[in-house]
Amino acid sequence: VTVVKAAEAEAESKYLQGQGLARQRQAIVAGLRDSVNDFGDKVTDITSKEVMELLLITQYFDMLRDVGGSNKNSTLFLPHSPAGITDVSSQIRNAFLQGNAASTGMAGHAQAPPNQGLMPNQV
């Protein structure tokens with residue numbers, strides 16, 4: 001009984017962690033979207049794609065600063081050239097677009113409740 005309750009608690013914990021991560025990603029996308037819109041309203045001769053690339057490159061340099069400033073890191077290999085930054089930018093942009101598409105696609109569907117203590121073969 002104790003093992004079953006521990007497994008149920010762990011399953012619920014993982015479910016809630018996933019929900020929290022999904023909300024965090026939605027907040028990041030919303031923040032970036034707002035930044036692009038705000039910047040685009042103030043500077044009229046730039047596309048939203050260019051603004052997004054600028055924001056992503058800024059995030060990339062912030063990450064490099066944070067990684068370099070921490071004494072807990074040992075080794076990190078990143079492409080660091082203009083072409084490498086463009087590649088990282090396109091990978092991040094695609095990930096955000098896919099995440100946003102997935103979250104809007106899920107919005108119309110009811111969320112399945114977490115496993116109510118049933119074993120996988122009982123679900």
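Throughout, read-outs are computed from the coordinates displayed, never taken from laboratory work. Every value quoted in this text rests on a predicted model; they were computed, and no experiment measured them. Note that each Cβ is placed from the backbone with ideal geometry, even for glycine, and that neighbours are counted across all protein chains shown.
See the values below:
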quantity	calculated
Neighbourhood charge, 14 Å Cβ-Cβ cut-off, centred on I28 and excluding it, Lys, Arg +1 and Asp, Glu -1	+2
DSSP-loop GluC sites (Glu not before Pro) across segment 1-76, with at most 10 other Cβ within 10 angstrom	none
Gained length - S70 relative to S48, 0.36 nm times residue gap less alpha-carbon distance	4.6 nm
Rough spin-label spacing in nm, given labels placed 7 Å along Cα→Cβ, for T2 and D34	4.8 nm
Extension gain from D87 to Q17, taking 0.36 nm per residue of separation minus the Cα-Cα distance	22.2 nm
Relative packing of peptides 24-30, 62-68 - highest average C-beta neighbours within 10 Å first	24-30, 62-68
Rounded if a/c under 1.5, otherwise prolate or oblate - segment 1-65, Cα gyration tensor axes	prolate
